[in-house]
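The values are calculated or read from the model by the stated rules, or taken from the named source; none is laboratory data. What you are looking at is a predicted structure, and each value in this text was computed from that prediction instead of being measured. Note: ideal-geometry Cβ built from the backbone for every residue, glycine included; neighbour counts use all protein chains shown. Heavy atoms of the whole protein, side chains included, go into the accessibility calculation; ligands, DNA and RNA do not. Shrake-Rupley method; radii C 1.70, N 1.55, O 1.52, S 1.80 Å.
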Amino acid sequence: MADSAWCDITTEDADHLVRFYEAVMGWKKEAIDMGGYSDYVVMKPDGTPVGGICHKRGVNADYPSGWINYFTVDSLEVALAAAVENGGAQMGKIRHHGNDSFCVITDPSGAACALYEKG
């Protein structure tokens, strides 16, 4: 069973959007250097990470706009194979965050989510 572990939004103007969520939700931002621009990790006032607000460029250029839920799976390889075998599609390469791995997919309806394996 997969659990939701993280949520990102990809947008043309992450700088503007992060200010919106800071004002509306009370989130705080932490800039992440993406090589010439910053994406953001957003956190609740107590410091608990909520997700990311990312520019639609660089490694995120091909991601759809909108919120993407990251679901924790036991095996990324097995889950990716099952997604493709059942009418979904892999979007881009497998990416890594420390020892963890993840990949964005679309389901048969075209909705995007990500599969996330903790290392």
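In the context of the full protein assembly, Ser75 retains an accessible surface of approximately 40 Å², using a probe radius of 1.4 Å and ignoring ligands and nucleic acids. With respect to the chain, whose longest principal axis is taken over its alpha-carbon atoms, helix 14-25 is tilted by about 80°.
For the chain, the solvent-accessible area works out to 58 Å² per residue, with a probe of 1.4 Å and every protein chain left in place.
In the chain, the calculated helix contribution to ellipticity at 222 nm averages -5500 deg cm²/dmol per residue, counting -39,500 (n - 2.57) for every DSSP H run with n ≥ 4. The DSSP beta bridges internal to the chain are antiparallel in roughly 80% of cases.
Ordered by solvent-accessible area of protein heavy atoms (1.4 Å probe), largest first, the residues Ile94, Ile68 come out as Ile94, Ile68.
The share of accessible area on the chain that comes from carbon and sulfur is 53 percent, using a 1.4 angstrom probe.
What does the charge add up to near Glu12, with Lys and Arg as +1, Asp and Glu as -1, over the other residues with Cβ less than 11 Å from its Cβ? Taking every Cβ under 11 Å from that of Glu12, the sum is 0.
Taking a straight Cα-Cα cut-off under 25 Å and skipping sequence neighbours fewer than 8 places away in the same chain, the lysines within cross-link reach of Lys44 are Lys28, Lys29, Lys56, Lys118.
What's the local net charge at Gly58, with K and R +1, D and E -1, over the other residues with C-beta under 14 Å away? Taking every other residue near Gly58 into account, the sum is -1. Loop-located chymotrypsin sites (Phe, Trp or Tyr not before Pro) in region 11-60 (DSSP state not H, G, I, E or B) with no more than 15 neighbouring Cβ atoms inside 10 Å: Tyr37. When the chain is described by a simple charge dipole with +1 on each Lys and Arg Cβ and -1 on each Asp and Glu Cβ, the residue from Tyr37, Gly66, Gly110 located farthest towards its positive end is Tyr37.
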